[in-house]
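These notes are about the structure you will find just below.
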Amino acid sequence: MSSPNSASHEIAATLRNEILRDQYRVGERLPSERDLSSRFDVSRGVIREALSQLEEQGIIETQPGGVRVKPIEQATLAILGPMLALQEIPDPDLVDQFLEIFTLLTRLTVTNALRHASDDQMIQLNSLLVELKKNADNMEAMRPGWESMLNYLTSINTNLVAKLIGNDVKAQFVEQMMKLEIRPNLKPEAGRELAKSLEIAFMRRDGELAATAFEKHFGQLRLAIQDALENMQTVYRKQAV
């Protein structure tokens, strides 16, 4: 039998997905605690805990007369991962919005990090760049290299707010993308261009140049992921027929 805590999480997830699928409209009142307790065969205390979780995520609010659904635009970042997981193939527009925000955060992170990097930290960045350059012709093989570099740049970045938002965005996004095993088709010169630009930027300690290099690379990646997702959706529709 599920514990009250796990039951409340399961119920919250069920209701959240129903809301995200528009089974409950914005402003509509959810069933009463009594009705939900009967539906899920749990105590009203478990229902209250589930509703509290949804309220923390910003998709419902308690009002006089009952609990009502809030506009999705007022929700917290915690709702993004579940939104991506709603469909077998996530909405390409939503994925692109993720990548757009991630690109902006990366630009801020890289600019700030190079501005504050010590000599020892620049040595480590150049060491990471050497590893990245070894696989510059193979985007799949190069990916762990630039991920390690971005993680190190994030550790140097002194903007705590950017770090926290970035952590949340990655936690919501990366897990879902890894499950899909997307293989974006980027040309080999994209990796070489990134490595060359970063080499110049690190030599000059030019955060803007390094940020622009990543921004351009992610712009190419966004287009490639869009193509990959659209192809996956096409295959999925054909299989579903």
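We did not get these values from a lab; they are worked out from the coordinates using the rules stated. Quick caveat, the model's predicted, so the values are computed rather than measured. All Cβ positions, glycine included, derive from the backbone under ideal geometry; neighbour counts span all protein chains shown.
Seen from residue 19, the other residues with C-beta closer than 10 Å to its C-beta sum to a net charge of +1, counting Lys and Arg as +1 and Asp and Glu as -1. Within 12 Å, Cβ to Cβ, of residue 199, how many net charges do the neighbouring residues add up to if Lys/Arg are +1 and Asp/Glu are -1? Charge balance in the 12 Å sphere: +2. Between 27, 65, 45, which gets the highest mean-square fluctuation from a Gaussian network model of the chain, Cα cutoff 10 Å? Result: 65 has the largest fluctuation of those listed.
Using Cα pairs under 8 angstrom and six or more residues apart, how large is the relative contact order of the chain, in percent? Taking the mean separation of contacting Cα pairs over the length of the chain, I get 20 percent. Sparsely packed loop sites in region 141-235 (the GluC sites (Glu not before Pro) outside DSSP H, G, I, E and B with at most 13 other Cβ atoms within 10 Å) comprise 181. Report the paramagnetic label zone for residue 74: residues of region 4-39 whose backbone N is under 11 Å from a point 7 Å from Cα along the Cα-to-Cβ axis. The answer is 26-28, whose backbone nitrogens lie closer than 11 Å to the label point.
Note that region 42-131, at 4 °C in a medium of 1.567 mPa s, gets a Stokes-Einstein diffusion coefficient of 76 µm²/s from its Kirkwood radius over C-alpha pairs.
Taking the Cβ-Cβ separation of residue 200 and residue 85 as r and a Förster radius of 41 Å, what is the calculated FRET efficiency to the nearest 0.05? That gives a FRET efficiency of 0.55.
Taking 0.36 nm per residue of separation and subtracting the current Cα-Cα distance, fully stretching the chain between residue 171 and residue 231 would add 19.1 nm.
Across every pair of non-identical alpha carbons in the chain, the mean reciprocal distance, once inverted, gives a Kirkwood radius of 20.4 Å. For the listed residue pairs 216/238; 134/238; 163/187; 70/216; 179/216; 179/238, the alpha carbons are over 28 angstrom apart in 216/238; 134/238; 163/187; 70/216. Computed from point charges on the beta carbon alone (+1 for Lys and Arg, -1 for Asp and Glu), the dipole magnitude for the chain about its Cα centre is near 60 Debye.
When you work out D = kT/(6 pi eta Rh) for region 4-75 at 20 °C and 1.002 mPa s, using the Kirkwood radius from C-alpha pairs as Rh and the Stokes-Einstein form, the result is 179 µm²/s. Shown here for region 1-105: trypsin sites (Lys or Arg not before Pro) in loop regions (DSSP other than H, G, I, E, B) with at most 13 other Cβ atoms within 10 Å, namely 21, 25. Spin-label model, residue 119/residue 9: points 7 Å from Cα along the beta carbon direction are separated by 4.9 nm.
Distances between placed amide hydrogens fall under 5 Å for residue 67 paired with 30, all partners being 5 or more residues away or on another chain. When the charge dipole of region 79-240 is built from unit charges on Cβ atoms (+1 for Lys and Arg, -1 for Asp and Glu) and taken about the Cα centre, the candidate among 219, 129, 165 whose Cα reaches farthest toward its positive end is 129. If you plug the beta carbon distance of residue 141 and residue 239 into 1/(1 + (r/R0)^6) with R0 = 35 Å, you get a FRET efficiency near 0.70.
From the alpha carbon centroid of region 50-79 to that of region 142-172 is 29 Å. Using the rule -39500 (n - 2.57) for each DSSP H run of four or more residues, divided by the residues of the chain, the 222 nm mean residue ellipticity is -24500 deg cm²/dmol.
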